[in-house]
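Single-structure report; data block below.
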Amino acid sequence: MPRYLIIDGYNAIHKIDELEAKKDISLEAARLYFIKLLNDFMRRKNTFDKICIVFDSKEEALGVRRYSHGRVEALFATRDKDADSAIVDLLRKASPGDKISVASDDNFVKNHARVYSRDVISIKELENIIMLKRQSFKSKIREKGLGRDDIKDINTELKKRWGIE
């Protein structure tokens, strides 16, 4: 059963501090950085098969424009349809067997996700999922005050126990 995450794009950009800071450069910089963060997350974790971020757009073209970035897809709802309605359309058209989670703090989006029996994730939960897992093991080792010699001794001992050396 495929697992999807649908994200209310601008809702997330405006509420995640790291993305909000990028927005000061430009909205496009924030979107591209968000896509990069999500691709990094997808490489580290296999929680979802695909992530779809839906953004509002002011273009006059009809329908929805799609851009794929690996397993992360950016959808731009055009002037005739806002992002919230595009998300509801995705939920409506999805197969009942698909495991879909929706990340948004917008009540319209959350209520429709519940109507279609989909999981709802707050933007804060989304931030915790994609941001906290970026910490490296090295930083945890450094926090414990282990020096280079201690780390080397631990690695040598582990190699002996595992029969690598």
**Message:** As an exercise: evaluate residue 48 against (1) part of a loop (DSSP other than H, G, I, E, B); (2) crowded, with 19+ Cβ neighbours inside 10 Å; (3) touching a residue at least 60 places away in the same chain (Cβ under 8 Å) and give the number of the one condition it does not meet.
**Reply:** (3)
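Just checking: which of the helices (runs of 4 or more DSSP H) contained wholly in the stretch 1-44 hold 3 or more residues that are within 14 Å of the chain's Cα centre (by Cα) and of a type in the set (Phe, Trp, Tyr)? Steps first, answer last, please.
Numbers: elements: 9-15, 17-23, 27-44.
Here the list reads 27-44.
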**Fill in**
Restricted to the stretch 53-79 and to residues being of a type in the set (A, V, I, L, M) and modelled with pLDDT under 75, the residue surrounded by the fewest Cβ atoms within 10 Å (Cβ to Cβ) is 62
**Message:** Given the options 53, 35, name the one that is touching a residue at least 12 places away in the same chain (Cβ under 8 Å), touching a His at 6+ places or on another chain (Cβ under 9 Å) and in the same structural domain as residue 86 (by TED's automatic domain parsing).
**Reply:** 35
**Asked** Before we move on, is residue 82 surrounded by 14 or more Cβ atoms within 10 Å (Cβ to Cβ), in contact (Cβ under 8 Å) with a residue 40 or more places away in the chain and among the acidic types (Asp, Glu)?
**Response** no
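The values are calculated or read from the model by the stated rules, or taken from the named source; none is laboratory data. It should be emphasised that the depicted structure is a prediction, and the values quoted were computed from it without experimental measurement. In this analysis, Cβ positions are derived from the backbone assuming ideal geometry, glycine residues included, and neighbour counts consider all displayed protein chains.
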